[in-house]
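A.B. asks: Take a look at the following structure, please.
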Amino acid sequence: MLVLFETAAGYAIFKVLNEKKLQEVDSLWKEFETPEKANKIVKLKHFEKFQDTTEALAASTALVEGKLSKNLKKILKKIVAKDAHEQLAVADAKLGGVIKDKLNLSCIHSPMVTELMRGIRSQIEGLITGLPSREMAAMCLGLAHSLSRYKLKFSPDKVDTMIIQAISLLDDLDKELNNYIMRCREWYGWHFPELGKIITDNLTYCKCVRKVGDRSNFASSDVSDILPEEIEEDVKAAAEISMGTEVSEEDINNIIHLCDQVIEISEYRTQLYDYLKNRMMAIAPNLTVMVGELVGARLIAHAGSLLNLAKHPASTVQLLGAEKALFRALKTKRDTPKFGLIYHASLVGQTNIKNKGKISRMLAAKTALTIRYDALGENTSAEMGAENRLKVETRMRLLEERGIRRISGTGKALARTDKYQNKSEIKVFDPSGDSTLPAVSKKRKIQEVEEQDTEIALKAKKFKPDMKEERTVEDGEPVKKKKKKKDKEKQAEEEEVLNEEHPASPTVENTEKKKKKKKKMKDEDED
């Protein structure tokens with residue numbers, strides 16, 4: 001029986017000397033306690049050493065995936081094919097099946113084989129001569145590192161440091177370009193101020209200045225390749241009646257040199273943007289589809305790497321770039337910000353001001369999913385990003401439609417019909433009868449009091465002529481009548497106040513009392 005044993009240094013093929021002892025699986029470990037005992041059971045037949053770490057990595061990855069590498073195929077053809085009648089013990093059953101199909105060799109994989117492999121591994125230094133332990137340990141460590149990188153699908157295309165450098169350089173170029181263009185406009189504006197109002201685009205302005213130079217050359221020069229015909233005519237007409245000052249040739253040369261710098265930097269910026277776009281599609285395609293290249297690159301740069309960004313929750317992704325505003329709001333106990341760098345995404349820009357917070361929250365949640373898929377997933381397609389973007393867009397449309405329904409009259413009517421109306425037949429207890437306080441409002445009370453005052457005043461006017469007639473009579477009787485009248489008036493007023501204090505009594509009784517009062521008053525007047 002032959003044994004195929006894989007090490008970090010190379011392939012080893014052993015021949016079993018005593019197959020009878022292999023039958024006792026439980027006590028097999030005793031035969032490998034010392035190198036001397038191990039050499040009595042197993043003997044090294046051939047050892048094929050790896051030339052470098054790349055060959056070792058290729059061999060180990062093939063073994064992990066259950067494939068037959070070229071080196072192993074050659075060794076098996078050379079050595080094992082000679083002893084074709086003997087069986088080959090293999091650690092992996094899948095690899096044994098492949099060897100059997102391709103080389104027609106009978107392979108064994110059983111608990112006895114695994115125990116044998118364990119014994120060989122424990123005494124590998126004694127069995128394989130000419131391989132120091134230090135060298136073996138270094139080979140094992142190097143192969144372990146390279147194999148772990150392979151398992152993580154590590155590739156130079158996935159390096160996100162290039163994105164961080166590219167986006168920071170792009171931002172710096174934008175700032176420098178803005179400064180250079182403003183300086184160029186201000187500088188040439190002393191000579192030809194009207195040109196800045198006619199040509200609004202910065203790059204075309206610089207190209208036009210570089211081609212023409214002095215404003216007197218505009219009449220003779222052809223700028224049709226830079227400007228459209230209408231604007232060209234306006235520029236030529238403005239150059240003839242310009243209010244700018246005259247400048248020397250040296251000044252014009254310096255301005256032209258500045259224009260060259262602006263054009264070169266803008267061309268490099270477009271080239272850098274294309275590079276960033278391609279790199280983002282290679283590293284984070286789903287993130288790019290969701291929020292765009294620039295916003296995605298800024299998020300990665302802000303987090304430090306794509307893996308660090310994948311560790312952040314959706315709430316942190318939403319507020320990345322607005323940390324100062326967040327902590328200021330928490331300190332002053334005000335409303336926290338709703339978005340950070342994600343505000344510049346196209347989906348957030350398309351929504352209304354009211355719905356920006358909702359859409360940014362949903363976009364951050366979907367973006368967090370796409371980032372994790374890009375950072376940790378094996379698939380490089382952008383299907384997931386496209387699906388999530390579609391979900392956010394549909395949600396945005398729903399929110400906009402709700403707003404339109406609320407504004408229109410049809411929407412209000414629909415909302416009314418949608419409401420659930422429960423008509424219960426159970427009678428509810430009315431607690432208004434329990435209160436002793438007057439149920440009449442204060443305003444009504446004041447009005448009634450004012451009406452009563454006016455009625456008393458009118459009655460007093462009527463009584464005055466009667467009182468004058470009674471004064472001519474003897475002093476005894478009329479005085480008594482006055483007192484009686486006053487007493488009766490007081491009683492009538494008290495009854496009215498009592499009626500006001502008890503409004504819960506039926507209206508019929510009130511009307512009867514009023515009629516009685518009127519009769520009494522008439523009787524008194526007749527007396």
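The values are calculated or read from the model by the stated rules, or taken from the named source; none is laboratory data. Please read all numbers here as calculations on a predicted model, not as lab measurements. Neighbour counts are summed over all protein chains in view; Cβ atoms, including those assigned to glycine, are modelled from backbone coordinates with ideal geometry. Just so you know, the surface numbers come from the protein's heavy atoms only, side chains and all, with ligands and any DNA or RNA stripped out. Shrake-Rupley method; radii C 1.70, N 1.55, O 1.52, S 1.80 Å.
A.B. asks: Mind grabbing the accessible area of Thr336 for me, 1.4 Å probe, Å², rounded to tens?
C.D. replies: Estimated to the nearest 10 Å², Thr336 gives 70 Å².
A.B. asks: At 1.4 Å probe size, with no ligands or nucleic acids counted, give the accessible surface of Met139 in Å², nearest ten.
C.D. replies: Roughly 50 Å² of Met139 is accessible to a 1.4 Å probe.
A.B. asks: Taking 29 Å as the cut-off for C-alpha to C-alpha distance, list the pairs among Lys207/Lys356; Lys324/Lys366; Lys324/Lys354; Lys70/Lys277; Lys324/Lys391 that go past it.
C.D. replies: Among Lys207/Lys356; Lys324/Lys366; Lys324/Lys354; Lys70/Lys277; Lys324/Lys391, the Cα-Cα distance tops 29 Å for Lys207/Lys356; Lys70/Lys277; Lys324/Lys391.
A.B. asks: Each residue of the stretch 269-281 in order: what ³J(HN,Hα) in whole Hz does its phi give by Karplus 6.51 cos²θ - 1.76 cosθ + 1.60, θ = phi - 60°, with x for Gly and Pro?
C.D. replies: 5, 5, 5, 5, 5, 4, 4, 5, 4, 5, 5, 5, 5
A.B. asks: Amide H to amide H under 5 Å from Gln87: which residues, 5+ apart in sequence or cross-chain, H placed 1.01 Å off N in plane?
C.D. replies: Leu2
A.B. asks: To continue, here is another question. Trp187 to Glu383: extension gain in nm, 0.36 nm per residue of separation minus the Cα-Cα distance?
C.D. replies: So the extension gain works out to 65.5 nm.
A.B. asks: Amide H of Val42: which non-local residues (sequence gap of 5 or more, or other chain) have their own amide H closer than 5 Å, using H built in the peptide plane?
C.D. replies: Those qualifying (amide H under 5 Å, at least 5 residues apart or on another chain) are Leu17.
A.B. asks: Here is a further query. Between Thr394 and Ile198, what FRET efficiency comes out of the Förster formula 1/(1 + (r/R0)^6) with R0 = 51 Å and r the beta carbon distance, rounded to 0.05?
C.D. replies: Efficiency, rounded to the nearest 0.05: 0.70.
A.B. asks: Using θ = phi - 60° and the Karplus relation 6.51 cos²θ - 1.76 cosθ + 1.60, list the HN-Hα couplings for the stretch 317-328 in order, rounded to whole Hz, with x at every Gly or Pro.
C.D. replies: Here the 3J(HN,Hα) series is 4, 5, 9, 4, x, 10, 5, 4, 5, 5, 6, 5 Hz.
A.B. asks: What GluC sites (Glu not before Pro) in the stretch 219-294 are in a loop by DSSP, with at most 14 other Cβ atoms within 10 Å of the Cβ?
C.D. replies: Glu246
A.B. asks: A further question on this structure: Test of the criteria: in the stretch 289-348, which trypsin sites (Lys or Arg not before Pro) are in a DSSP loop and have at most 12 other Cβ atoms within 10 angstrom of their Cβ?
C.D. replies: Taking the stretch 289-348 and a limit of 12 other Cβ atoms within 10 Å, the loop trypsin sites (Lys or Arg not before Pro) found are Lys333, Arg334.
A.B. asks: While we're here: If you stretched the chain out fully between Gln165 and Lys67, how much longer would it get, using 0.36 nm times the residue separation minus the C-alpha to C-alpha distance?
C.D. replies: 31.2 nm
A.B. asks: Short version: ³J(HN,Hα) in whole Hz for each residue of the stretch 128-145, in order, from phi by Karplus 6.51 cos²θ - 1.76 cosθ + 1.60 (θ = phi - 60°), x for Gly and Pro, what are they?
C.D. replies: 9, 8, x, 10, x, 5, 5, 4, 5, 5, 5, 5, 4, 5, x, 5, 5, 5
A.B. asks: Could you give the length gained on full extension between Leu307 and Asp172, defined as 0.36 nm per residue of separation minus the Cα-Cα distance, in nm?
C.D. replies: Taking 0.36 nm per residue and subtracting the Cα distance, the gain is 46.1 nm.
A.B. asks: How much solvent-accessible surface does Asp225 expose, in Å² to the nearest 10, with a 1.4 Å probe and all protein chains in place?
C.D. replies: The accessible area of Asp225 comes to roughly 110 Å².
A.B. asks: Calculate the spin-label point distance for Ser315 paired with Ala138, positioning each point 7 Å from the Cα along the beta-carbon direction, and give it in nanometres.
C.D. replies: 5.2
A.B. asks: Mind checking the stretch 35-115 for trypsin sites (Lys or Arg not before Pro) that DSSP puts in a loop (not H, G, I, E or B) and that have at most 14 other Cβ atoms within 10 Å?
C.D. replies: The qualifying sites are Lys67, Lys82.
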